[in-house]
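The values are calculated or read from the model by the stated rules, or taken from the named source; none is laboratory data. The model shown is predicted, which means the values in this text are computed figures rather than measured ones. Here the Cβ positions follow ideal geometry from the backbone for every residue, glycine too, while neighbour counts run over all protein chains shown.
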């Protein structure tokens, strides 16, 4: 009796098809492992030991199959740097995968850093050097697309009273009114004042207009016994001091 050979379909090897649920579960486990590993390294070695990608991944939320580490690496590649990412337009960043939750986490972390420097000025000893002030102003003003002119008021022991942005302008400059500066100094009972403004062009070199308004403000403040301590100009890579350059 002849037996017909089996069809080719019946001879195919048995195939194991991965469950989509199992695959997703594996990816989530991998994401959790990477984030936990980064957090463990932070606790053991300090935040300074982590890479930019690791720090960002800790802040960025997991979403579906998107790994926070992969997203962080992609965003840094797209924007070229941490600074580029942190000042990116919210809607444009969303198109690259940064959710509203991720965006708010990054902006909250940035604002905490700014407030940290402001607290150093508020709660610290007398301002005997410009380092803390420079760092605070650089974080606050460096990436603004418009010019901001303001004051830092100090008491008679050079202790910080308040930070105040008084005038805003376009890329080309801001109109500064000496009367308003004097009025604000008197309102806060300031004994000394540090002027500041940023140059959106990124160049911190003082202009002739900067020198002129500084002289006018120094004279106006002197009339009410408020000492002009310094005028700081925030650029892209540096913060220039009028006092250190002998321009006061």
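Tabulated data
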| read-out | value |
| --- | --- |
| Counted residues, the stretch 86-113 - those being surrounded by 15 or more Cβ atoms within 10 Å (Cβ to Cβ) and without any contact (Cβ under 8 Å) to a residue 24 or more places away in the chain | 3 |
| Matching entry among 130, 125 (being surrounded by fewer than 17 Cβ atoms within 10 Å (Cβ to Cβ) and either modelled with pLDDT under 90 or more than 30 Å from residue 51 (Cβ to Cβ) (or both)) | 125 |
| Residues being outside any helix (DSSP H, G or I), modelled with pLDDT under 90, touching a helix residue (DSSP H, G or I) at 6+ places or on another chain (Cβ under 7 Å) and over 25 Å from residue 145 (Cβ atoms) - total across the stretch 47-89 | 5 |
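Conditions (1) outside any strand (DSSP E or B); (2) out of contact with any helix residue (DSSP H, G or I) (no Cβ under 9 Å at 6 or more places or on another chain); (3) touching a residue at least 12 places away in the same chain (Cβ under 8 Å), marked per residue:
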{"site": "153", "(1), (2), (3)": "no, no, yes"}
{"site": "166", "(1), (2), (3)": "no, no, yes"}
{"site": "175", "(1), (2), (3)": "yes, yes, no"}
{"site": "182", "(1), (2), (3)": "yes, no, yes"}
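Here's the yes/no breakdown for (1) farther than 23 Å from residue 132 by Cβ; (2) modelled with pLDDT of 95 or more; (3) surrounded by 14 or more Cβ atoms within 10 Å (Cβ to Cβ); (4) out of contact with any strand residue (DSSP E or B) (no Cβ under 6 Å at 6 or more places or on another chain):
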position: 165; (1), (2), (3), (4): no, no, yes, no
position: 173; (1), (2), (3), (4): yes, no, yes, yes
position: 182; (1), (2), (3), (4): yes, yes, yes, yes
position: 207; (1), (2), (3), (4): yes, no, no, yes
position: 220; (1), (2), (3), (4): yes, yes, yes, yes
position: 248; (1), (2), (3), (4): no, no, yes, yes
